[in-house]
1. What aspartates and glutamates does Lys130 reach when the alpha-carbon gap must be under 16 Å and sequence neighbours fewer than 8 apart in one chain are set aside?
2. As a test of reading the structure, rank Lys85, Lys340 by solvent-accessible area (1.4 Å probe, protein chains only), most first.
3. State, to one decimal in nm, how far the label point of Ala82 lies from the label point of Glu464, with both points 7 Å from Cα in the Cβ direction.
4. Let me see the P(r) profile for the stretch 131-237: every Cα-Cα distance counted, bins of 10 Å, each bin given as a percent of all pairs.
5. Does a label point 7 Å from the Cα of Leu286, set along Cα-to-beta-carbon, have any residues of the stretch 95-126 with amide nitrogen under 18 Å, and which are they?
6. Need the list of lysines near Lys532 for cross-linking: C-alpha distance under 22 angstrom, and skip anything on the same chain fewer than eight residues off.
7. Just to verify a number: what accessible area does Thr162 come out at with the full protein assembly present, 1.4 Å probe, Å² rounded to tens?
8. Identify the residues of the stretch 464-494 with backbone N under 14 Å of a label point that sits 7 angstrom from the Cα of Met75 along the Cα-to-Cβ direction, or state none.
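The values are calculated or read from the model by the stated rules, or taken from the named source; none is laboratory data. Since the model is a prediction, treat every value here as computed from it, not as a measurement. Here the Cβ is made from the backbone with ideal geometry for all residues, glycine too, and neighbour counts use every protein chain on show. Keep in mind that these areas ignore ligands, DNA and RNA; they rest on the heavy atoms of the full protein, side chains included. Shrake-Rupley method; radii C 1.70, N 1.55, O 1.52, S 1.80 Å.
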Amino acid sequence: MTLVTNFILNQWFQTTIYSGFTRPDVEIKTSPPPPETSTHSPTSTTPSKPAVQRCSYTYLSPDNAEEGRRLLDSMTWPETPALPKPFSLNVTTSAAKSSFSIVPRSGGWRVGDELTVMVQLRDFNGNPKKGGGDFIFSRLHNRTLGAAVVGQVQDHLNGTFTAVFPLLWNGTANVEVTLVHTSESITVLKRLTAEQPGRIYFTSEFRSGSVKMKTICNVCLDPDSGPLCNFTDLNTGEQWFCYKPQSLDCNTRISHSSAKTRGGISKEQETLFRKGVNLKAPIKALRTENILILPNAGIPTAKNVTSGPSGYYYSDQWRRLRGPDVRHFNNASVITACLKGKRLHLLGDSTIRQLYELITKTVPNLQRFDTYSSSQTGPFLAVDHTNDIMVSYHCHSTPLRFGFVLVSQLRYVANELDGLAGGPQTVVVIGIWAHFTSYPIEVYYQRLMTVRRAVQRLLSRAPETKVIIRSANMKSLDLFQSWTASDWYALQLDKVLRAVFEDMDVLLLDVWDMVQAHYLPHDLHPPPQIIKQMIDVVLTYVCPEKHV
């Protein structure tokens, strides 16, 4: 009990050391913000082209610049069209005017076959699109059976797409195709990243005696707008800057607060982000959207699917297409049996926090020590002394996501990994996602490489440690969410993450496919039904034996 108590007090000390009541005689000052990087707001009516912001950030460190550039160049999104001048929505992609058709198959479809769907995109005038770069996704499902699988989509760069599905169950199946972002809206998103990398920013408070001042902080700040305080992490090399307060030193920084936004797009460009019209909008079938899948006596098992989606749903349960069968941990006793003697460390974002919340809710013997923690960022700790189980969660400061911090310290996932001894009883689940992000993809790649090196060090000193990396997930989108954290950008980050960790002895928790295939609407925080499937995959990796 002493070790647990010391751990808790240490974490709480880091979190609360600078908290307290503000005396009424304290003088509050605010440093003026740097000039806006955009000359128009999200509701402006006249588009203008702001100058590209200078940035204090070094996008690729010398030790991974060449490899990183080669990787990122290989993942370039197809060229998207310039916006029409004068702007006209009529010549941009329209979901209502577009359509898909099922490619017929002689003799029909049987389990083990593939279904091919052709998609033709059209503009609001009904004319076929001529170029590529739109973002669509597709799924095949049978709600009665609780069955669903995502399609593998190919852009033919001429306004047409192909979606291919493995046929994994006997019965009817319904095809669903959705326009996520138009090629024209992606043109806008690309420009935003290039010209307004600081549109999501943070603030820090500095204090000396009775004087307090707040300044803007970010991964990328314009050095021409004022002197900078450099808070680069000495262990990881991760860069972070704040504008220096006018009358205080950099070492007087005491706190860090969450994100705010500035900048925006024109009223005309806003029309490219209308939900249900050209944003997360359904594309209808030209003829039928249903097929009948017949049984096949000579069917290969689902595990013979060697490419395409990572899994599918059947009876509303996630089934992997590659790797061990997913076990179902449906009550406290089976979760406890799996975690007995284990140390489960959950590191990262708010979706990782959802795992902590559901596990501790399901297992009543896990006593939580969260009384003095932030409900959003933690740190959280739960302990079952009888079964020697510890589950912890840390929401770490990452300039790529919304949520912070261990007070004045910027703590990164790599810092925590370096502090773990590891071993056969240690399980680490990492989620390093940018739900609110605005930086060039090089910043995310560099963050991943920092985490990769920390994982390598952990596995080198403790090879039996189990490490799980969570993928991105699609979310509900409106204009603001698209402007700050689009599914298109999340897809780019997801590709980079898979490439960075593909040759390592870690498990990829493929939430991207889980969320796409599920019948529930996309959400920044997936619903409990999907979080439960994620926990099943994690615990299957920890406890694959059937008798546990």
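1. Glu79, Asp155, Glu184
2. Descending accessible area places them as Lys85, Lys340.
3. 6.3 nm
4. Reading upward from the zero bin: 11, 23, 18, 16, 17, 10, 3, 0.
5. It comes to 95-106, 115-126, nothing else.
6. Lys340, Lys342, Lys361, Lys466, Lys475, Lys546
7. Its heavy atoms expose roughly 20 Å² to the probe.
8. 470-473, 488-494
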